[in-house]
Each structure stands twice: as C-alpha cells, then as structure tokens.
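Peer 1: One structure, pasted below without further comment.
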Amino acid sequence: MSGGAAQDHPRRLTSDEKLIWGLAWTPDSRSVVFSSSRGGQQGLWRIASTGGAPQRLAAAGDNAYSPSLSLRGNLLAYTRSVWDTNIWRINGPRPAGGSGLPVKIGSSPRADAGPQFSPDGKRIALASYRSGNWEIWAA
C-alpha cells in the first residue's frame, strides 16, 4: 500500500459473520475466492473485489478450505476434509473376551453419532447429518 491513497483503506466485502478459512486472489485481481461456512457447511465462494453477492463454487463440494489459484487462473487447488462417522454394533462384552466382529449399522456419507438402544433392544436411535441437517433417525 502506498501512503494513504483512497484505495489503500480496507473495505469489507462480506458481513455475514461466518468462519473464513483461507482466501486467494484471482490472477486478474477482480475477485477473491474464499472458504466460508456461509452456506451451512464450509465451502468455496467467489466475490468481486468491489463487493456484491458471493457466488458458491459448487464443484468444490462441502468441507472445502484453503483455496489457491494458479497464476493463469485455470487451476484451483484446495483442501477438502471428509469425515465419515458411522454407527457399529458388536455383541456385548463377555468376561472371557471375544465379542465377535463389528457390524456397521446403516452406512451414511455424513456423520452419525450418539446411538441409543430402544428398551426392547431391537432398534437404535441415532443423530445423523446424512440429510445435510442434524436429525434423529432410527435403525
């Protein structure tokens, strides 16, 4: 920055108070690509350097962080975190050991957590993010 010209003063481009985890200028300096949780999941977005409405870069998918653009702007590198938790069942612990092999209870492409057996032991209630929102499911 050069000595106080109007262009040297920072100007806010986003104001939605969401986590930003990395950003990169486009080679032409007309836009900034950034990672934000503004859509619920952390993802990549593009905003004009003059401001305006950010546009989601859907091709990067959810959980995208730390964007980097090539000097020609034709390549985009980023980190994508994939965390897939599932619910498993085994036979109850026995004094002599040997509980058997674990069995996966319904695979999900997103997080499952907090399994609870029904009183009759025939079903499991669980919290799942499989639909894109935390909800209660039964298996």
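Peer 1: Restricting attention to the range 42-58, which residues are open to solvent by less than 40 Å² (accessible area, probe 1.4 Å), of a type in the set (S, T, N, Q) and within 17 Å of the chain's Cα centre (by Cα)?
Peer 2: Once the filter is applied, which keeps residues that are open to solvent by less than 40 Å² (accessible area, probe 1.4 Å), of a type in the set (S, T, N, Q) and within 17 Å of the chain's Cα centre (by Cα), the range 42-58 yields only 42.
Peer 1: If I filter the range 63-71 for residues that are loosely packed, with under 10 Cβ neighbours inside 10 Å and over 16 Å from residue 23 (Cα atoms), do I get at least one hit?
Peer 2: no
Peer 1: Listed residues 37, 31; which is under 30 Å from residue 125 (Cβ atoms), of a type outside the set (A, V, I, L, M, F, W, C) and free of Cβ contacts under 8 Å to residues at least 24 places away in the same chain?
Peer 2: 37
Peer 1: Same structure, new question: Within the range 15-28, restricting attention to residues that are assigned to a loop (DSSP other than H, G, I, E, B) and at pLDDT 90 or above, which residue is surrounded by the fewest Cβ atoms within 10 Å (Cβ to Cβ)?
Peer 2: 28
Peer 1: Between residues in the range 78-104 that are at positive phi and residues that are open to solvent by less than 100 Å² (accessible area, probe 1.4 Å) and at pLDDT below 75, which pairs lie under 6 Å by C-beta distance while being six or more apart or on different chains?
Peer 2: From residues that are at positive phi, the pairs are 100/91.
Peer 1: Same structure, new question: Of everything in the range 29-41, what is within 17 Å of the chain's Cα centre (by Cα) and open to solvent by 30 Å² or more (accessible area, probe 1.4 Å)? Give them in sequence order.
Peer 2: Scanning the range 29-41 gives 38, 39, 40, 41.
Peer 1: Kindly provide the set of residues from the range 114-139 that are open to solvent by 40 Å² or more (accessible area, probe 1.4 Å), hydrophobic (A, V, I, L, M, F, W, C), at pLDDT 80 or above and in a strand (DSSP E or B), ordered by number.
Peer 2: Answer for the range 114-139, where residues must be open to solvent by 40 Å² or more (accessible area, probe 1.4 Å), hydrophobic (A, V, I, L, M, F, W, C), at pLDDT 80 or above and in a strand (DSSP E or B): 125, 136, 137, 138.
Peer 1: Which residues, counting only those in the range 75-91, are open to solvent by 80 Å² or more (accessible area, probe 1.4 Å), assigned to a loop (DSSP other than H, G, I, E, B) and more than 20 Å from residue 47 (Cβ to Cβ)?
Peer 2: 82, 83, 90
The values are calculated or read from the model by the stated rules, or taken from the named source; none is laboratory data. Computed from a prediction, not measured in an experiment: that's the story for all the values here. Heads up, the Cβs are rebuilt from the backbone with ideal geometry, glycines too, and the neighbour counts pull from every protein chain shown. To get the accessible areas, we keep the full protein, side chains included, count just its heavy atoms, and leave off ligands, DNA and RNA. Shrake-Rupley method; radii C 1.70, N 1.55, O 1.52, S 1.80 Å.
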